[in-house]
Structures are given as C-alpha cells and as structure tokens.
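Step one of this worksheet: look at the structure below.
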Amino acid sequence: MKQRRYIIVPFPAQGHINPSLQFSKRLIGTGAEVVFVIPISVHRRIMKNKTSTSTPDGLSFFLYSDSFDDGFKPGDDLHRYLSELRRGSKQAVSDLINSSAKHGRPVTCVFYSLCVQWIAETARELHVPSALLWVEPATLFCIYYYFFHGYEDEIKNNINDPSYSLELPGLPLKLTGRDLPSLMEDTKSENNWVQINMFREQFEVLDKETKTPRVLVNSFGALEPEAFVSIGDNQVKLFGIGPLIQSSFSGEKDHEDQSKTSFRGDLYQIDSNDNYIEWMSSKPERSVIYVSFGSFYVLPKPQMEEIAGGLLDYGRPFLWVITERQREEGKKEEDELRCREELEKLGRIVSWCSQLDVLSNTSLGCFVTHCGWNSTLESLVCGVPMVAFPRWLDQGTNAKLIEDVWKTGLRVKANKEGIVERDEIKRCLELVMGDDEIGRNAKKWKDLDRDALKAGGTFDKNFKAFLDEIDQEKGHFLD
Ligand code: UDP
C-alpha cells in the first residue's frame, strides 16, 4: 500500500494551528505523511519561536503568500486580508494536489479547519476527498448547524432577552442568550457580520456536498455523548478524534512527542528569561492561580483593573498572561495597571507561556480562563478546575459545558456594564479553590480524556472508521 499523503490547511490563528499540528502528529503516527499549508508570515513566526530543533519526520510545510507577509496587524483591511487568504490558500492547495499527482504520490485527503471553508471547493474540483477539522466542541457544531437550519430568526430575535431559553433537538441543555455564540447576535458590528458569514458559508459548503459530509471534531464521545448523535448520521457524520493535545501531556507517548520540548506551533515568543515554571514549582501543591484570556482577546482597561484587584484580594500566588497585543492596547490608555508593584510581589506576569507545562504543574490550583476551546480541553486533560470567564464568540457555550455539564468550574457573573468586578472574581476563586466536588470532577474528566487517546481508544477507532469511508470512495489509493 502506498504511504498515505494528507494536506492540512489551518486558519492562521493560534487556536487553529495548535490542534491542526497535533492532528498532523497523530496522522504521522499512523505511518502517513503530512503537508501543512500555511502563509509565509505564520511559518516565519513558528520557526522563530520554536522550542525544538527540528520538525517531526513526515511533516513538511507548503507556504503561500496571503499578501500580508509581515503578518495581519490591527487596523489592516480585513476584507482584503480574507480575500487574499482565500486566493493564496486555494492556489497553494491546487498546486500541491496537482504536483503530488504528477509525482505519483496522490493526496489521500485534504483537512481544513474552520474559516477556510473554500478549501473544500478546491479539493472537490480536483476530485480529492476533504473533511472539516472542527476545532470546537461537538455541541457548538450542533448549535451552529441548527442556527443555519431553521433556528436563525428565533435566536436572533430572542438572544438578548434575559428570560429566553432554548432547547435544541437531542442536546441536553437549556441554553440562555449568554450560552449562545455571540456571533448570533444581530449587531451592526462589521467584524461580527464578516465572521458569521464565514460560518454560514462553511455550513453551505457542507450542505452542497454530494455525499453525507464528514466532520472531524476535536472532542470525544464521553465528553458530549448527546451532541455527537444529535443531528443524525444521514445529515452529517461527526467523528470524535480529540483531545488534540500534545501527547506527552495526555499520558500517551508517540514517536515524536517523547519530551515536553517537542515541536510546537507558537506564534508568540515564550519569554525564556522568565523562570515561571521554577517559581511555580517552589509553591505548595494546588496553591497557584493561572490567568489567561488566550492569544487574541484584548480586555478593556477597567476589566484588567478588576482582575488585578480580585487577585490581590484573594492573596494567593498567580501566573497571569498579559499578551503583547494586550500590552499594546494598554499603552494607548493613560497608564499601566495601577497596582503593578503589588501584583509583582504576589505573582508573575508573562507575555506568553507554555500553557500545558503550567496546567500540568502540581502547584496549580485553578485556571481563570476565557474558555477558548483549546484552553478548556487542555484544562480538562490536566484535571485543573476552572473559573470560567467567557468574553465573546463561542466561549459562553464552553463555559456552560464547564459549569453545568462537566461541573469542573464556576462561571463568573458580570455587572450591567459587562464588567466582572473584583469581589466577584475573589468569590469565584474562593469557591473553586475550596470546592472538593469540583476538584473530584476535574480528576474524573482527566482520566476519561486519557482513555480516549489510548491505543485502541476513540481516536484510533474513529479515525479508522473515517479512513474506511475515504478508502471506499477512492479505492485506487489502496493499491
Ligand atoms: N497558549 C499558550 N500560551 C499562552 C496562552 C495560550 O501556549 O500563554 C495556547 C493555549 O495552550 C491554547 C492556545 O494558545 O492551545 C489558545 O487557544 P484557545 O482556543 O484557548 O483560545 P484563542 O487564543 O483561540 O482565543
């Protein structure tokens, strides 16, 4: 049998690159070869920040220009960026498929992450199977699916009504407005409009497929059993292949991830001068608070002050990631955090860290998280209780799952202006750090996550089922 050759095209953001890279490593573990298709600017950043010396055997990069080779910066034209990203990535995938075929090494399947839905069209035109890599929980897939299949008007008309509650077919949840993706609000915001239309186009792409569409989900059945079967296999097939996390942290070893310094896809520089891990390790077990709002979101200054106040009032050591992007924003406002000196006496502030090293450190007591899906999964895999602090996009749904379904954390309550005040932050920290049941649940999910990745676990089973379908469709790849 010929070696299988896969193409992976992630949307160029940290939350897509990380799971796509871990997925690539898993595919390489099955003996396949993977070509990772990314813009020039993203490749430059990954190579500049990489912590290991070489890329894994079996993984290669295919680069394209999105016309923003120095990176997309705040203030740049979003429409032009997206249209250039579309043009550049489509051309790259088409060149790669054609040259692979010409050299007798045809592409088995093209995987694309959310927000580069146009890649499916390119693959179809060239008669190569493709599948969406959904880098969110299955529950969110279902919510978007129902939104675009009959529920749009109802949700838009009610999402801001505090008494509204929604039950969707097969999902065991009563969803209120704050549990639904913020993109579903009918706002005048340009960004909102652009992004919801990307999702709309993605679901149209799936609807247009001639066979039942297949979606690989970065989650697994035990986490969301109802969501995986809610829509029905005759409409769309969901394959749970998560958690897509560096295997040395999920208890499994593969041929590449033998150490915690294996190849990473950081777009940001980990401050190597800061000895935050040694500092954490010097603290008692379960005493440190970790605070991060992911790679992208910029908090308003008043919210930063409230978080600082909450951490100081609670008085335990903390590690707080304040990204360069957030710092740039801070510079525009009058001045830095008011209580910076006091903060630095109690905790550490870094601009980027190795999050999995932090989450797996025994001194960690709880994670104050914006509930991005990667952070949520990483916290579950490491068995860390959470203070769920969602801000926008799909984070409210993840917070709902954390608080009500997995019961591994508590969600903060915002005031009328949308700010979470310092007293509320302190209250949540006290409850989560002191609650044995939340701690026990966190441990339970950690064990289940590990089962999913074991040899013969859900990744192996579901990915094999997916491949069997691809092979049936493209029998000639089996020769
Ligand atoms: N991350 C990291 N170091 C940091 C902050 C975040 O390595 O200091 C990683 C984190 O482990 C996760 C990703 O960045 O894999 C963020 O993805 P997520 O979906 O949580 O949030 P997003 O950045 O997409 O909002």
* Yes/no for residue 207 being surrounded by fewer than 19 Cβ atoms within 10 Å (Cβ to Cβ) and either part of a strand (DSSP E or B) or touching a Lys or Arg at 6+ places or on another chain (Cβ under 6 Å) (or both) -> no
* From the options 378, 403, residue that is within 13 Å of the chain's Cα centre (by Cα) and of a type in the set (D, E, K, R) -> 378
* **Scope the range 1-39; condition assigned to a helix (DSSP H, G or I) and either among the charged types (D, E, K, R) or in contact with an Asp or Glu (Cβ under 8 Å, 6 or more places away or on another chain) (or both); matching residues** => 14, 25, 26, 28, 29
* For residue 45, state whether it is of a type in the set (D, E, K, R) and assigned to a loop (DSSP other than H, G, I, E, B). => no
* To do: Kindly indicate whether any position in the range 128-145 is more than 16 Å from the ligand (Cβ to nearest atom) and of a type in the set (D, E, K, R).
  => no
* Among the residues of the range 213-238, write down those that are modelled with pLDDT of 95 or more and small (Gly, Ala, Ser). => 219, 227, 230
* Failed item in (1) assigned to a loop (DSSP other than H, G, I, E, B); (2) out of contact with any Pro (no Cβ under 9 Å at 6 or more places or on another chain), with residue 152 passing the rest -> (1)
* **Wholly within the range 355-432, helices (runs of 4 or more DSSP H) carrying at least 3 residues that are within 12 Å of the ligand (Cβ to nearest atom) and of a type outside the set (Ser, Thr, Tyr)** => 355-359, 373-382
* Asked: Residues of the range 1-29 being in contact with a Cys (Cβ under 7 Å, 6 or more places away or on another chain) and within 15 Å of the ligand (Cβ to nearest atom), which ones?
  -> 11
* Mind checking whether some residue in the range 290-312 is away from the ligand (no atom under 16 Å from the Cβ) and farther than 22 Å from residue 336 by Cα? -> no
* To do: Determine which single condition residue 400 fails, assuming it passes every other condition in (1) of a type outside the set (Val, Ile, Thr); (2) modelled with pLDDT under 95; (3) farther than 30 Å from residue 45 by Cα.
  => (2)
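The values are calculated or read from the model by the stated rules, or taken from the named source; none is laboratory data. Bear in mind that the values here come from a model prediction, so they are computed numbers and not experimental data. Cβ coordinates were reconstructed from backbone atoms using ideal geometry, including for glycine residues, and neighbour counts include every protein chain displayed.
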